[in-house]
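Okay, structure first, notes after.
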Amino acid sequence: MDKIDWKSSKVFVTGADGFIGSHLAKTLIEIGAEVVTIVRDIKKKSNIDVLGLNGKINVIHGDLVDFKDCERTINEYDVDFCFHIAAQAIVGPANRSPLSTFESNIKGTWNILEACRTSKTIKGVVFASSDKAYGQQEKLPYTEKSPLEGYYPYDASKACGELLARSYFMTYNLPIAITRNANTYGPADMNMSRIIPDVICKILKGEEPIIRSDGSPERDYMYIQDAVDAYILLAENLNRKDVVGQAFNFGTGTPISVLDLYNKIINLMGKDIKPKILGEAKNEIDRQYLDSTKAKKILGWETKYDPDSGLKKTINWYQKNLEG
């Protein structure tokens with residue numbers, strides 16, 4: 001494929017009503033692309049509303065687990081490029097409802113891949129996997145050569161999705177690349193099961209913040225704009241032989257414990273509030289962080305936001321928008 005020109009492109013972003021997908025869609029619109037997405041559930045307020053994308057994005061009412069909906073979207077809108085971001089990504093619901101998680105994350109992925117394969121217009125695909133696909137590893141940080149050993153439902157579904165993506169590249173030469181992102185945070189994350197928006201909003205409401213784990217698990221937290229830049233940069237380089245068919249880690253490479261992250265947030269907010277530590281989290285990995293050397297070397301990608309600057313922007317957004 002030739003290097004993509006966003007100004008003349010029609011782009012399918014699955015999951016554009018969610019946190020990461022909406023930020024990606026917003027940036028693509030700002031650089032001139034026409035964006036289309038599929039939305040299954042009509043919510044009172046989705047990220048399309050929150051980020052002001054209504055009227056700027058084509059919304060198809062359908063379901064990724066229905067192949068015909070995927071095929072129709074790509075064909076009727078003459079889609080040039082697909083970012084497959086949509087997933088059931090929350091650990092709690094994934095563990096409680098593994099079948100719906102597998103259906104959304106695995107069947108939804110093969111439907112997208114097959115619709116892209118049979119399309120006459122698709123020039124490339126970026127599939128969003130996750131650092132969770134690695135599972136629990138003895139050797140840290142994870143590199144792209146680390147085995148995919150995700151055992152819990154969400155983790156396993158992402159590993160399965162990667163196998164499908166690689167299969168479509170190897171068998172059908174579908175131009176595709178895979179992202180394995182660290183935990184991503186930032187403005188307009190409406191999912192309060194994630195620690196950063198939950199702690200910020202609870203403090204702003206004067207409620208007691210809660211930590212589900214014992215506070216010791218360490219994670220790699222990346223600001224949303226760094227993640228969006230990674231997706232777009234990867235797509236723009238999909239015409240290169242050293243990129244197509246490859247997986248890339250995107251993260252800060254600097255892990256922080258849940259409790260240290262909590263303390264950083266409350267310090268930035270000028271508060272001194274002790275959290276309620278439940279110690280109840282199950283099926284979660286103790287330590288995870290990524291080596292992004294490959295992305296830096298091949299794509300020239302680096303994070304632009306350190307934890308303080310990213311968290312400040314996030315806190316400011318919730319301070320301005322929480323009531324709405």
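Bear in mind that the values in this text are calculations on the coordinates, not laboratory data. The model shown is predicted, which means the values in this text are computed figures rather than measured ones. Using ideal geometry, Cβ is built from the backbone for each residue, glycine included, and neighbour counts are taken over all protein chains shown.
Among the trypsin sites (Lys or Arg not before Pro) in segment 133-227, those located in a DSSP loop and surrounded by at most 16 other Cβ atoms within 10 Å of their own Cβ are 139, 145. Of all DSSP bridge pairs formed entirely within the chain, close to 5 percent run antiparallel.
By other beta-carbon atoms within 10 Å, ranking 63, 189, 80 with the fewest at the front produces 63, 80, 189. Rounded to the nearest 20 debye, the dipole size of segment 164-280 about its Cα centre is 160 debye, using +1 on the Cβ of Lys and Arg and -1 on the Cβ of Asp and Glu. Each residue of segment 256-265 was assigned a 3J(HN,Hα) from its phi angle through the Karplus expression (A = 6.51, B = -1.76, C = 1.60, θ = phi - 60°), giving 9, 6, 4, 5, 5, 4, 4, 5, 5, 5 Hz with x at Gly and Pro. Can you tell me how segment 101-147 classifies by the Cα gyration tensor, rounded, prolate or oblate, using a/c under 1.5 as the rounded cut? It comes out oblate by the Cα gyration axes. Once you reduce segment 3-43 and segment 57-114 to the center of their Cα atoms, the two points are 14 Å from each other. Here the residues 164, 311, ranked from fewest to most Cβ neighbours within 10 Å of their Cβ, fall in the order 164, 311. Both radii are taken from the alpha-carbon atoms of the chain; with Rh as the Kirkwood radius, Rg/Rh is 0.95. Between the exposed loop cleavage positions of the chain, defined as GluC sites (Glu not before Pro) in a non-H, G, I, E, B DSSP state with at most 14 neighbouring beta-carbon atoms within 10 angstrom, the longest gap is 1-137. Relative to the longest principal axis of the Cα atoms of the chain, the long axis of helix 108-118 makes an angle of roughly 30 degrees. Taking the fewest neighbouring Cβ atoms within 10 Å as the starting point, the ordered list for 42, 232, 273 is 42, 273, 232.
In percent, rounded to a whole number, the relative contact order of the chain is 18, using alpha-carbon pairs under 8 Å and six or more apart. Taking amide hydrogens as placed 1.01 Å from N in the peptide plane, the amide H of residue 211 sits under 5 Å from those of 276, 277, 278, each at least 5 positions away in sequence or on another chain. Loop-located trypsin sites (Lys or Arg not before Pro) in segment 1-75 (DSSP state not H, G, I, E or B) with no more than 13 neighbouring Cβ atoms inside 10 Å: 3, 43, 44, 45. Restricting segment 106-171 to chymotrypsin sites (Phe, Trp or Tyr not before Pro) that sit in a DSSP loop and have at most 12 other Cβ atoms within 10 Å of their own Cβ leaves 151.
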